Amino acid sequence: MPLPPHKVLISTDAANEVDDQFAVVHALLSPVLDVRGILPAHFGREGSRAESRAEVDLLHSLLGAAGRAVVADGADAALPDERTPRPSEASALIRREARSDDRRLRIAVLGPLTDVASALLEDPALVDADPLVVWIGGPPYEGVVGYSPEFNLSNDVAAANAVMASGVDVWQVPMPVYTMIGVGHAELVERLGGTGELADYLVERVIAFNAQVDYGPMDHRSLGDSPAIGALLNPLGARWSLRPPPRFNTDSEVIGTIDTSRRIRVCEAVDTRWLIEDMFAKLRAFGRGDEGR
């Protein structure tokens, strides 16, 4: 009997930039992942959760039957502090799916940790269900900072500290890794352009987004959220280290550890060739109507 697919939820601040879209689509087009829900998340400004929801709904319409996951809205703002949850449809779905069957729940978090933290604060015994949290976020532990503050962490530092203190299993993909998943306009146009409505939308979004950033001009983008999906598809396609769970200050800096007796898994590098090629191949197959499911 074949093994069942991995049970997955994806938390995404999808309207923030243009990399979440690639990650969400990659997951939904991967038959070894059973994406039980998409959780639209805020990204630090009023109304941003609603913007993420609109983007998720648009992706679902472009995906058609492949976009069949439940959509459960996350909180509309960061936690008020490290002990107070902000309950939402997303935190309720996390709690429910963690115990829905005997498969381990994997939660890919492509933005702030607000909804995972809320679920854990609402229900501390959730840790006993052993969910895995794969988070894109956090500054480098060593070396030069690419930019500051790190965006996903800065949008809810309290939630990050709450998750790190909870005892839940965390795989973290920090800034030095997620910024290395680079693609250029020429590559996107050459490899994906004209292969389908969904692929064309993704390519056009990258080019349009880059045209308006104030730190341009640029003709490339890091698909920085994709390593979370890569870690779920192919954990051995990355190099990991073990570290005590970090504690962050309000400036989104690492200021120490929360529990020296515990370890989280921190990504040091990913197999970028496999990750990008697998995503492109699945998008092209979808455009042909041949997803291989």
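Annotations
- When residues of the stretch 164-177 are limited to those that are more than 15 Å from the chain's Cα centre (by Cα) and not charged (D, E, K, R), the one farthest from I264 (Cα to Cα): P176
- Failed criterion for V134 (all others in (1) out of contact with any Phe, Trp or Tyr (no Cβ under 9 Å at 6 or more places or on another chain); (2) within 30 Å of L63 (Cα to Cα); (3) buried (at least 18 other Cβ atoms within 10 Å of the Cβ) hold): (1)
- Residues (loosely packed, with under 14 Cβ neighbours inside 10 Å and free of Cβ contacts under 8 Å to residues at least 24 places away in the same chain) located in the stretch 236-271: L236, I255, G256, T260, S261
- Within the stretch 72-97, the set of residues being in contact with a strand residue (DSSP E or B) (Cβ under 7 Å, 6 or more places away or on another chain), free of Cβ contacts under 8 Å to residues at least 60 places away in the same chain and hydrophobic (A, V, I, L, M, F, W, C) comprises A72 only.
- Hey, A27 over 13 Å from the mean Cα position of the chain (by Cα) and either small (G, A, S) or over 24 Å from N234 (Cα atoms) (or both) or not: no
- Considering only residues in the stretch 56-67 that are closer than 14 Å to V35 by Cα and either of a type in the set (V, I, T) or without any contact (Cβ under 8 Å) to a residue 24 or more places away in the chain (or both), the one that is surrounded by the most Cβ atoms within 10 Å (Cβ to Cβ) turns out to be V56.
- Residue match in the stretch 84-103 (condition: touching a His at 6+ places or on another chain (Cβ under 9 Å) and surrounded by fewer than 24 Cβ atoms within 10 Å (Cβ to Cβ)): yes
- The stretch 272-284, subset surrounded by fewer than 20 Cβ atoms within 10 Å (Cβ to Cβ), over 15 Å from L202 (Cα atoms) and in contact (Cβ under 8 Å) with a residue 40 or more places away in the chain, residue farthest from the chain's Cα centre (by Cα): W274
- Test set (1) of a type in the set (S, T, N, Q); (2) surrounded by fewer than 18 Cβ atoms within 10 Å (Cβ to Cβ); (3) touching a residue at least 60 places away in the same chain (Cβ under 8 Å) - N155 fails condition number: (2)
Every read-out reported here was derived from the displayed coordinates using simple, explicitly stated rules and does not represent laboratory data. None of these values were measured; they are calculated from a predicted model. Cβ coordinates were reconstructed from backbone atoms using ideal geometry, including for glycine residues, and neighbour counts include every protein chain displayed.
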